[in-house]
Amino acid sequence: MNPARELLTKIKRIDAGELIPLKRRTDAATLLIIFFIAVIISRLWFLQIHSGNKYRELADNNRVRMLDIVAPRGNILDAEGRSVITNRPSFNIVWVKEDSPDPDEIIKKLSRILDEEIAVLLKRVRESLDRPRHVPILMKEDVDWKTLVYIENNHYDLPGVRIDVLPRRDYLFEDLASHMIGYTGEINQEELEAKKRENYQAGDQIGKRGFEKLYEDELRGDKGTLYLEVDAHGFEQKQLKGKEPLPGNDLQLTIDLDLQQEAENAMAGRAGAVVAMDVNSGRMLAFASAPPLHLEDFVGGISTKNWQALLDDIKRPLVHKTIQGQYPPGSTYKVVTALAGLSRGVINANTVYYCSGSMFFGNRRYGCWKEGGHGPVSLHRALAESCDVYFYQVGLKVGVDSLAEFANRLGLGHRTGIPFEYEKSGLIPTANWKKLAKNEPWQEGETLSIAIGQGFNLVTPLQVTQMTAALANGGKLYRPFLVEKIIDPEGLVLSEFQPEMDVELVGLDRYLQMIRKGLVGAVNDRHGTGREARLKGITVGGKTGTAQVVTLEKFQSVKEEDVPYKHRDHAWFTSFAPAEKPEIAVTVLVEHGGHGGSAAAPVAKKVLEKYFAKKQQADPTGNKQASLQEKQR
């Protein structure tokens, strides 16, 4: 038989059942192939479509670096729009770890070039361990020109080291208003955690104190972005299109630059505070704490040596004395005693007490500052010449709780509400306060000390200024404020602050007028204690105060200049002008300055002189006309 034919016959004789296993294997292979194709297609879809943007960004990051561009902080302006704080370029040395083949060698070189200890540079590196390797690490801020030139000329020997130009605060008037302005510094871990939902990163600058901290959100601006194309070794090839930073908003203060300078110059070499306020709005015109802080010391982090020097300074420069300094008010408190006595009907304008130089209460002698005594004293003379015996008598009849009531109504013993950090409340004692705080009953003899502003009384210079302004304007306590406007980079006013009255003393006009006349007498009468504050052509009202720090019996026969500094009395003077229609209140506190009339009043006089001189220059015709009208009255 033909072999081909025989083979064909065999194939035709195969049973269909014998093909079933073969068919199953073929179907399984087909399904497996289809499955693998589906997996490949699904993976391609996931990578290219579902996660395409993510992997495209990762791919770009292999060749494109994205760096933040720091936004210039907003300027800080005075009431007339003059720049107090602005920005200048700072040349900083940074290091990119990713671009350095030998980091240890780079650190050694930078230590020598930057004149920094290796430990300091290593600390900066350690603090940035959680940041991407391509993000620059700040090694030193604001280097000098000589260092800058050296690094630029030797950049081939310093791989990864480059120069960044960043905006840095420029203090146009050095340390002027330093406690109020504050300073910036590198953000720490705690601040970074608190700001984690905002666009902050390690190494960023942030406000640390004062306005720089309080208005951080307005001042900081929005970062820009710089895109750099790099090669496989991380070296920059070219800049790509990026996003420009948006500068921060400007802060326009209520502070008058000229008055602030006058106040700080007058306090040079001394410790204390000067506060000037518009009595009809609560606008702060000067807000000076002495001695000032040296703001440049804080930029980039203050050194341990400088910080310890501040802590050891007997004049306490770290304390913002306008709102944090708490002092016995001394005789400035006598206006409270007078108002309480008048309101309670204990005294009137014609009530007379005899001052022999002292008075006895119980078995103790309470002296007047004038050893020979004032003789018969009325309210006007008691305020003008600050007779202690007169106010001892009034205080005893009124009582400590009534004194506290009127002190509180005049703004003492509680925060003023000024939008500023760490304001202290002071202390105005009551009988109940002593029972709770010291578990002792109130002694009537303690009321005598309270009545003249000694004892447990504690106030801040800002509180005394608010009180004086309320006396001057007829009983309106305005909430003090320091910021007039917030202005965007285009000049658009985003917000403008308005005067806000906290309390109005109703029904006390007649008594307030009597007190104002007494304060005018303190400056203008022949024996007034505030004669050093007199101004030519302007009627000033004021009250001196001398607040004891400790009992000075052992120093009674010692000259004032020979008393140890920390044991000397604090000197107060608080004032308003012009008396006929008050506009400004000025309070001065000189720590351990001695007598208010000789130490504090001349400082207030300089501030008042500057205020009225500026007003005269601004509108000489109007001022002359106003002066003529006053004379005609």
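Computed from the coordinates by the stated procedures, all read-outs in this text should not be read as laboratory data. Bear in mind the structure is a predicted one, so any value in this text is a computation, not a measurement. For neighbour counting, all protein chains shown are included, and Cβ atoms are generated from backbone atoms with ideal geometry for every residue, glycine included.
Per-residue extension of 0.36 nm, minus the Cα-Cα distance of D488 and K196, leaves a gain of 102.6 nm for this segment. With only Lys, Arg, Asp and Glu charged, each at its Cβ (+1 for the first two, -1 for the last two), find how big the charge dipole of the stretch 466-519 is about the Cα centre; round to the nearest 20 debye. Charge dipole of the stretch 466-519: 540 debye, to the nearest 20. Charging the Cβ of each Asp and Glu at -1 and of each Lys and Arg at +1, and nothing else, the dipole of the stretch 68-253 about its Cα centre rounds to 160 debye.
Once the C-beta distance of D144 and K517 is scaled by a Förster radius of 56 Å, the resulting FRET efficiency is 0.35 to the nearest 0.05. In order along the stretch 401-407, the Karplus-derived 3J(HN,Hα) couplings, from 6.51 cos²θ - 1.76 cosθ + 1.60 at θ = phi - 60°, round to 5, 5, 4, 5, 4, 6, 4 Hz, and Gly and Pro are given as x. As a calculated quantity, the FRET efficiency between L318 and N53 at R0 = 60 Å, using C-beta atoms, amounts to about 0.70. Legend: ranking of residues R316, R24, R381 from fewest to most surrounding C-beta atoms inside 10 Å; resulting order R24, R316, R381. Using θ = phi - 60° in the Karplus curve 6.51 cos²θ - 1.76 cosθ + 1.60, the 3J(HN,Hα) couplings for the stretch 216-221 round to 4, 5, 7, 7, 6, x Hz; x is entered for Gly and Pro. With the simple model of a label 7 Å out from the Cα in the direction of the Cβ, F360 to K614 spans 5.5 nm. Each residue, L44 and L246, gets one label point 7 Å from its Cα in the Cβ direction; the gap between the two is 4.3 nm.
Here the spin labels are modelled as points 7 Å beyond Cα on the Cα-Cβ line, and at D401 and D509 they lie 3.2 nm apart.
Counting beta carbons within 10 Å around each of D144, D502 and listing the fewest first gives the order D144, D502. Applying a DSSP loop filter and a limit of 15 other Cβ atoms within 10 Å to the GluC sites (Glu not before Pro) in the stretch 569-619 leaves E580. Dipole of the stretch 68-253 computed with +1 at Lys/Arg Cβ and -1 at Asp/Glu Cβ about the Cα centre; of S83, L251, P159, farthest Cα towards the positive end is P159.
Derived scalar couplings between HN and Hα for the stretch 263-278 equal 5, 5, 5, 5, 9, 4, x, 10, 10, x, 8, 10, 10, 10, 9, 6 Hz in order, rounded to whole Hz, by the Karplus curve 6.51 cos²θ - 1.76 cosθ + 1.60 (θ = phi - 60°), x for Gly and Pro. The charge dipole of the chain, taken about its Cα centre with unit charges on the Cβ atoms of Lys, Arg (+1), Asp and Glu (-1) only, comes to about 1240 debye. Near the amide H of M139, within less than 5 Å, lie the amide hydrogens of I93, V94, W95, all on another chain or at least 5 residues away, with H placed in the peptide plane.
Given their separation in residues at 0.36 nm each and the Cα-Cα distance between them, R133 and H155 gain 6.0 nm when the chain is fully extended.
Counting only lysines at least 8 places from K370 when in the same chain, those with an alpha carbon closer than 29 Å to its own are K334, K397, K517, K536, K543, K554, K559, K566, K605, K606. Candidates Q616, V603, V586 compared by Cα position along the dipole of the stretch 582-622: farthest toward the positive end lies Q616, with charges placed on Cβ.
Note on R168, R124: ascending count of other Cβ atoms within 10 Å places them as R124, R168, the fewest first. Were the residues from H414 through E105 laid out at 0.36 nm apart, the gain over their Cα-Cα distance would be 105.3 nm.
In this structure, Q308 and K536 have a Cβ-Cβ separation that, at R0 = 45 Å, corresponds to a calculated FRET efficiency of about 0.45.
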